[in-house]
Amino acid sequence: DMGGHDTYMHKEIHEQADAVDRALRGRIDDRFSTVHLGGLNLDARDARAVRRVKILGCGTSYHAGQIGAQMIEELARIPADAEPASEFRYRNPVVDPDTLYIAVSQSGETYDVLAAVQELKRKGARVLGLVNVVGSAIARETDGGIYVHAGPEVCVVSTKCFTNMVVSFGLLALHLGRTRDLSVADGKRIIEGLRKLPAQIEEILAGEEQIEKLSKEYADAKSMMFIGRVRGYPVAREASLKLKEVSYIHAEAYPASELKHGPLALIEPAMPTVAIVPDDDLLEKNRAALEEIKARSGRILAVAHQEQEKADHTIVVPKNEDELDPILMGIPLQLFAYYTAKAMGRDIDKPRNLAKSVTVE
Ligand code: F6R
């Protein structure tokens with residue numbers, strides 16, 4: 001039942017405030033400015049013993065893992081990174097007992113992720129799951145984990161589950177941080193940020209009409225560039241993937257800092273750029289990148305916390321805490337992908353060549 005929406009994608013985009021609310025419910029501990037994650041199976045001593053975090057997933061879940069790794073580094077100061085599960089399992093990785101491995105998956109059935117988990121377990125590693133589907137294969141094979149509580153996701157492309165994965169990583173980063181050097185005050189600041197998310201998501205969704213109009217302006221593009229820096233880079237990658245999947249427009253994502261090392265050669269009026277421009281310590285750097293693009297007559301659509309003078313259009317999103325901004329900045333671009341695909345008459349819930357869960361190698 002699509003409840004009045006024309007597609008599951010549209011319905012699921014609109015379910016995100018409720019989904020995030022569900023991910024937070026019952027988990028926040030205001031007294032100690034931390035969170036309780038029941039199924040984690042990692043006591044304070046275990047959490048303190050973690051020397052590195054390695055996150056494994058595929059596609060959108062891998063992108064959620066990239067944001068998660070940054071959150072864990074920022075809030076817990078534990079070195080962390082994400083890698084596609086399929087790459088990991090085929091390169092005979094060094095498995096380290098002091099590393100905490102986290103497998104991320106909506107379905108919990110993706111074969112490459114499951115195989116990576118099994119290989120890790122065979123080598124004696126500690127593996128947690130960050131999974132949506134309760135009781136799925138990856139949830140069962142892992143030593144513990146976090147359910148992301150996005151609810152059923154029917155559309156082949158992931159939207160609300162991505163958002164809930166990133167929120168769940170925020171919870172985990174806060175938890176790990178509070179077993180280490182994250183102060184009570186910073187814990188409180190992050191909790192307040194998390195609590196603001198549902199209302200801020202509603203605010204973004206209320207601006208849907210502007211995004212629909214913008215998508216028509218850009219739907220003639222054969223190819224689009226997505227850029228972001230540090231926190232904004234995985235947001236750009238996920239937005240680029242979403243546009244490709246549902247509209248079949250070619251899109252590339254690059255760190256904004258890499259533009260001048262090659263991709264700037266592609267910039268011309270027929271190659272628009274979508275830029276993620278958060279109002280954080282990298283704002284001036286990002287503005288400089290917009291200027292470089294403008295100097296080559298590139299069209300720019302910015303997703304930012306304030307109007308960007310160099311951009312042709314800006315989608316303004318509400319500001320949260322710097323560390324949590326990536327959760328919100330991708331949401332307008334889910335709508336952008338949806339409306340672009342709709343204008344092109346695509347089969348949005350079932351894009352060609354794709355399956356909801358990839359249970360083969
Ligand atoms: C993107 C998408 C895919 C999945 C990927 C992993 O919209 O749907 O990239 O994210 O196949 O699937 P899960 O999360 O089920 O392991």
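In table form, for the structure just shown:
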{"read-out": "The one condition in (1) surrounded by 21 or more Cβ atoms within 10 Å (Cβ to Cβ); (2) closer than 23 Å to ASN132 by Cα; (3) among the basic types (Lys, Arg) that ARG231 fails to fulfil", "value": "(2)"}
{"read-out": "Pairs with Cβ under 7 Å, 6+ apart, first in segment 50-67 and within 16 Å of VAL235 (Cβ to Cβ) and within 12 Å of the ligand (Cβ to nearest atom), second assigned to a helix (DSSP H, G or I) and of a type in the set (D, E, K, R)", "value": "THR60/GLU238; HIS63/ARG237; HIS63/GLU238"}
{"read-out": "The listed residue being at pLDDT 95 or above, more than 24 Å from GLY65 (Cβ to Cβ) and among the aromatic types (Phe, Trp, Tyr), out of TYR339, TYR254", "value": "TYR339"}
{"read-out": "Any pair with Cβ under 8 angstrom, 6 or more apart, that starts in segment 300-318 at a residue that is farther than 21 Å from ALA199 by Cα and ends at one that is acidic (Asp, Glu)", "value": "ILE300/ASP312; LEU301/ASP312; LYS310/GLU291; HIS313/GLU217"}
{"read-out": "Subset tally (residues that are in contact (Cβ under 8 Å) with a residue 12 or more places away in the chain, charged (D, E, K, R) and away from the ligand (no atom under 16 Å from the Cβ)) for segment 90-117", "value": "2"}
{"read-out": "Extreme residue, nearest to ALA236 (Cα to Cα), among residues of segment 302-361 that are among the small types (Gly, Ala, Ser) and crowded, with 20+ Cβ neighbours inside 10 Å", "value": "GLY330"}
{"read-out": "Condition check for ALA173: at pLDDT 95 or above, within 19 Å of ALA47 (Cα to Cα) and over 14 Å from the mean Cα position of the chain (by Cα)", "value": "yes"}
{"read-out": "Test result for THR273, under 14 Å from ALA239 (Cα atoms), at pLDDT 95 or above and of a type in the set (Ser, Thr, Tyr)", "value": "yes"}
{"read-out": "Boolean, VAL154 is under 17 Å from GLY59 (Cα atoms), in contact with a helix residue (DSSP H, G or I) (Cβ under 7 Å, 6 or more places away or on another chain) and at pLDDT below 95", "value": "yes"}
{"read-out": "Residues (modelled with pLDDT under 90, on the phi < 0 side of the Ramachandran plot and more than 11 Å from the ligand (Cβ to nearest atom)) located in segment 342-361", "value": "ARG352, VAL360, GLU361"}
{"read-out": "One residue from VAL184, VAL167, VAL148 being under 20 Å from GLN66 (Cα atoms) and either away from the ligand (no atom under 12 Å from the Cβ) or surrounded by fewer than 24 Cβ atoms within 10 Å (Cβ to Cβ) (or both)", "value": "VAL167"}
{"read-out": "Which numbered condition ALA311 misses (of (1) within 16 Å of the ligand (Cβ to nearest atom); (2) in a loop (DSSP other than H, G, I, E, B))", "value": "(1)"}
{"read-out": "In segment 264-291, residue nearest to the chain's Cα centre (by Cα) [restricted to those that are assigned to a helix (DSSP H, G or I) and buried (at least 17 other Cβ atoms within 10 Å of the Cβ)]", "value": "ASN286"}
{"read-out": "Failed item, numbered, when VAL317 is tested on (1) of a type in the set (A, V, I, L, M, F, W, C); (2) more than 16 Å from the ligand (Cβ to nearest atom); (3) out of contact with any helix residue (DSSP H, G or I) (no Cβ under 8 Å at 6 or more places or on another chain); (4) closer than 21 Å to THR163 by Cα", "value": "(3)"}
{"read-out": "Output for segment 217-245, where each listed residue is under 14 Å from the mean Cα position of the chain (by Cα) and within 16 Å of the ligand (Cβ to nearest atom)", "value": "PRO234, VAL235, ALA236, ARG237, GLU238, ALA239, SER240, LEU241, LYS242"}
{"read-out": "All helices (runs of 4 or more DSSP H) inside segment 131-242 with 2 or more residues being basic (Lys, Arg) and out of contact with any Pro (no Cβ under 7 Å at 6 or more places or on another chain)", "value": "160-178, 184-206, 208-218"}
{"read-out": "One residue from LEU335, LEU328 being assigned to a helix (DSSP H, G or I) and under 30 Å from GLY187 (Cα atoms)", "value": "LEU328"}
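The values are calculated or read from the model by the stated rules, or taken from the named source; none is laboratory data. Note that this is a predicted model, so its numbers are computed, not measured. We place every Cβ from the backbone using ideal geometry, glycine too, and count neighbours over all the protein chains shown.
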